[in-house]
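Participant: Let me begin by handing over the structure; questions about it come next.
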Amino acid sequence: MGEVLSQSEIDSLLQALSSGEIDADEMKENDERPVKDYDFARPAKFTKEHLRTLEIIFEHYGRLISTNLPVYLRLNVQASVINSEALTYSEFSNSLPNPVILGVVNFLPLNGNIMVEVAANLGFAFIDRMLGGEGKALEKNREFSEIELSLLEKFLVICIRLFREPWKNVVDLEPVLERVETNPQFAQIIAPQEMISIVTLNIKIGDVEGLMNVCLPFFTLEEVMDNLNTKYWFSTMQKNGDENYQELLEEMLQRVEMPVKAVLGRSSISLQDFVNLQLGDIIRLDRQVSDELDVYVGNIKKFTALPGAVKKDYAVRITSVIREEE
């Protein structure tokens, strides 16, 4: 409630107005409040603080991309955040080329979906590399075949799994890839006028460079918007500490698959004998039946074992561990 003037103050004010000491128009100007434009078609649901926090999250995500994709591609991969912005979904979908790689992701446990758009040249580079090529993109983009789409699905699954760690300070995610679309018209996850945030990353696979856009609708992030601020994010990160980070690294290492093989023995035969091999023929090995087998992890000899069986499967029983000094 405004301040109430006494009768004497009112009389003094009227007298100053009549004498010209105070200009009424000047008082009006001072009393006016600044007007701020508000666009109802583009409501400001994402603040600069929200966008900055999303950039921090995806900078972490970019580092994970740079360290995890080379395991599959055997190529140098670099990923970095370019920018983040808020716009309507129609503006984003209208800017998409055709064909395009669009992964529709169920952002569990949050409601709704997000979308990951990857430049077609990155997709073709990934496909070329996975099929034994050098990781080159096509000079002219074309539609993807069924086999190529299955490989792209694997590529997107790898990228989507990496969302969990960067978002851990905000929400414990269990993202699931629902489908892959190559036509933007078939990927309408929200109404055209709904607000979204777009985080753009620049990804370089070998010599091929392209963009990845992550579309995050406000509807999906609404229940965790209060956590999307740098103060909350850093405070949560500090609570986790180095101990949790070490546990995470150990957990990731434990999930790495290693090839293990047991060598029954070795033998050399002529090409003519090899060509004439028939069912029931016997190849003499350089080991006795009672000899221990060499067990290799990758290409390194790590164990010795005896052959046997478990139910209907062949198996080996470890008899000794070969140490590095041996």
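Participant: Computed FRET efficiency, Cβ-Cβ of D226 and K136, R0 45 Å: what is it to the nearest 0.05?
Facilitator: After rounding to 0.05, the efficiency reads 0.50.
Participant: Hey, another quick one. Please list, in chain and number order, the residues 5+ apart from R287 or on another chain whose amide H is under 5 Å from its amide H, with Hs placed from the backbone.
Facilitator: Sorted by chain and number, the residues that satisfy this are R266.
Participant: What is the extension gain from I300 to I82, computed as 0.36 nm multiplied by their sequence separation minus the C-alpha to C-alpha distance, in nm to one decimal?
Facilitator: Additional length available on full extension: 74.2 nm.
Participant: Between L14 and I269, what length comes free when the chain is fully extended (0.36 nm per residue of separation minus the Cα-Cα distance, one decimal in nm)?
Facilitator: Additional length available on full extension: 79.9 nm.
Participant: Another one. Provide the convex hull volume over Cα atoms per residue for segment 48-254, in Å³. Present the calculation step by step, with values, prior to reporting the outcome.
Facilitator: Numbers: hull volume 24.5 nm³, N = 207.
Output value, Cα hull per residue: 118 Å³.
Participant: Next question, about the same structure. Sorting check: for 178-187, 259-268, which peptide has the highest mean count of neighbouring beta carbons within 10 Å, and how do the rest follow?
Facilitator: My ranking of the peptides, most packed first, is 178-187, 259-268.
Participant: Something else: Kindly state, to the nearest 0.05, the FRET efficiency for K261 paired with V321, given R0 = 25 Å and r defined as their beta-carbon distance.
Facilitator: 0.95
Participant: By how many nm would the segment from F186 to E209 lengthen if fully extended, with 0.36 nm per residue of separation less the alpha-carbon distance?
Facilitator: Gain in length upon complete extension: 5.7 nm.
Every number here is computed from the coordinates shown, using simple stated rules; none is lab data. Because the structure is predicted, anything quoted here is derived from the model rather than measured. All Cβ positions, glycine included, derive from the backbone under ideal geometry; neighbour counts span all protein chains shown.
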